[in-house]
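Notes follow the structure.
The values are calculated or read from the model by the stated rules, or taken from the named source; none is laboratory data. The shown structure was predicted, so the numbers you read here are calculated from the model rather than taken from an experiment. Virtual Cβ from ideal backbone geometry, glycine too; neighbours counted across all protein chains shown.
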């Protein structure tokens, strides 16, 4: 039987890992080597300490690992990325401990390594609670740009179709590759990307009624400092444009859809435009956050007069600022 942590004094090292990194006995690994065998997975992980249970999803190249000791889980979290292990390039995260569902030792008797449960209610409780609350911490810094790959998209899929299905974190960029029926999307924060990946472990992502393949893209390096600074001040892909509320004759100003798209396309590709209040207000979603940052900065800088002149002063009576990226809304 496992001894609850609360009944034992913790070392300063373990306590710091819990406080700073969300450490627990539970580890999640994603982006595992293709066709990795169960035996190799267990062998490599056992180097860090005794395992209580392992659940391996071959199709998604991911595994949930429970060590018998939080110390060994921390050792795995810290040392695996720096080791010569075949797993060193995999993504590693802390997950919820799951001790409340009393997960027994694993059995490696089949290709999908499910832990054994005393009854179906325990299994249902485990599946229901684990994925929703996992992956709030990762080995990778939150300032790291985190691209994801979406494959197998239906013909005719648009960037708007993809963004309509993305929730849980604001996006830095979305790039649609129509000829390859794929898309790359990059979250601003790495932990939002990790949480999104985790949710697809539990529930597949459907875009236009077709199940999409979801995985990590190639690491594109640290987040652009310009983007980080702008996000800290409220930036996102969404630009708000609305009639200045101080004007008495607000109904006399109207945004023309085709003209608005043509004008603001000079800043970058537009994913979606929404109109409200009889055309006196609109939200423009760019595919790249840098496009929105440039637009807002230009309209609020000393260059704004020249910019307004280039648009025949159509927007001098409008307030232009950041809106809210719908992809950042909580998951449904």
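Mind checking whether some residue in the stretch 200-223 is in contact with a strand residue (DSSP E or B) (Cβ under 8 Å, 6 or more places away or on another chain) and without any contact (Cβ under 8 Å) to a residue 12 or more places away in the chain? Yes - at least one qualifying residue is present in the stretch 200-223. The set of residues from the stretch 173-201 being modelled with pLDDT of 90 or more and under 11 Å from residue 328 (Cα atoms) comprises 187, 188. Does residue 248 qualify as being at pLDDT below 95, surrounded by fewer than 19 Cβ atoms within 10 Å (Cβ to Cβ) and in contact with a helix residue (DSSP H, G or I) (Cβ under 6 Å, 6 or more places away or on another chain)? In short, no.
Among the residues of the stretch 198-213, what is the count of those that are surrounded by 22 or more Cβ atoms within 10 Å (Cβ to Cβ) and under 12 Å from the mean Cα position of the chain (by Cα)? Quick ask: steps written out before the conclusion?
Within the stretch 198-213, the subset surrounded by 22 or more Cβ atoms within 10 Å (Cβ to Cβ) is 198, 212.
Now narrow it down to the ones that are under 12 Å from the mean Cα position of the chain (by Cα): 198.
Of the residues in the stretch 198-213, 1 are surrounded by 22 or more Cβ atoms within 10 Å (Cβ to Cβ) and under 12 Å from the mean Cα position of the chain (by Cα).
Looking across the stretch 304-326 at every residue that is part of a loop (DSSP other than H, G, I, E, B) and either closer than 29 Å to residue 162 by Cβ or in contact (Cβ under 8 Å) with a residue 12 or more places away in the chain (or both), the one that is nearest to the chain's Cα centre (by Cα) is identified as 325.
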